[in-house]
């Protein structure tokens, strides 16, 4: 490759990275505003696992901290659960190099989980409960007013599908909630962020990723099935995942079947036009997705490849 070509390639990569970073910052900022996640004077405890999601969360929050109209502080917390082979030097070295206030909490939950869970069974459920309890305790000790987790949009959709398919509930991960003990506010600032954007960002930034399989536990097979299904849909039907997430933000209880959310028993015709009536069923099923454009792949756009990405012409059912 010639020197000129190398320079041009580097410029293109920098352009793509800048656009990606702006999109991430914009989506995180919008989620924080929509759900009032961070307020003036907050101390936000960022739970840092060493995976791509939590690294990205910390990086975006650090940037927003500099420009936000409210003042808030950040402290990164990692729980060293004493899994064999855990590279305990990685996170402290990274955080010190970045100048981030942090705490490393050492708790041997690994031994507890291995003692309680039979060999071959997934340990994720018990492990997450133990981890959650410890993090809540640490948040109280640190005086943190918010606990920030790195779950993203795809995690929320996967959880919705898991609950529908296996749990019989239409429930997902909320972007903001109060903990079970009523003492903490938990936020997910990456709620509007796509996993594939996080993957690209982590590669660009060369975060020192710590794998999540150190405990030797099997991956949650049900979640893996859902994840693989959604990724196949995303490749085959661009826009479907975006449409699903939009649906999570546009819930119409009168057109579902939960009698605790809508008073079906006392419905009566009163002669007054009802915009939430049956007009929705007059429309045919759309074959494209609502207001979708995936412009994340700059190289494909530059070469005129719109087979998997690009502009999708859509029909607005409300018009």
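Readers should treat all values here as calculations from the given coordinates under stated rules, not as data from a laboratory. For clarity, every value in this text was computed on a predicted model and none was experimentally measured. No Cβ is skipped: glycine too gets one built from the backbone with ideal geometry, and neighbour counts run over all protein chains shown.
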Legend entry - Full-stretch length increase - residue 89, residue 111 - with 0.36 nm per residue and alpha-carbon distance subtracted: 5.8 nm
Inset, instruction - Determine the percent antiparallel among the DSSP beta bridges restricted to region 12-219, to the nearest 5. - result: 15 percent
Inset, instruction - Please give, to one decimal in nm, the separation of the simple spin-label points placed at residue 8 and residue 265, each 7 Å out from Cα toward the Cβ. - result: 7.3 nm
Inset, instruction - Rank these for me by crowding, 58, 95, going from fewest to most other beta carbons within 10 Å. - result: 95, 58
Legend entry - Peptide ranges 65-77, 125-137, 6-18 listed from the most packed, as the mean C-beta count within 10 angstrom indicates: 125-137, 65-77, 6-18
Legend entry - Stretchable slack from residue 140 to residue 204, in nm (0.36 nm times residue separation minus alpha-carbon distance): 19.6 nm
Inset, instruction - Could you quote the convex hull projected area for region 12-219, Cα atoms only and averaged over all directions, in nm²? - result: 12.5 nm²
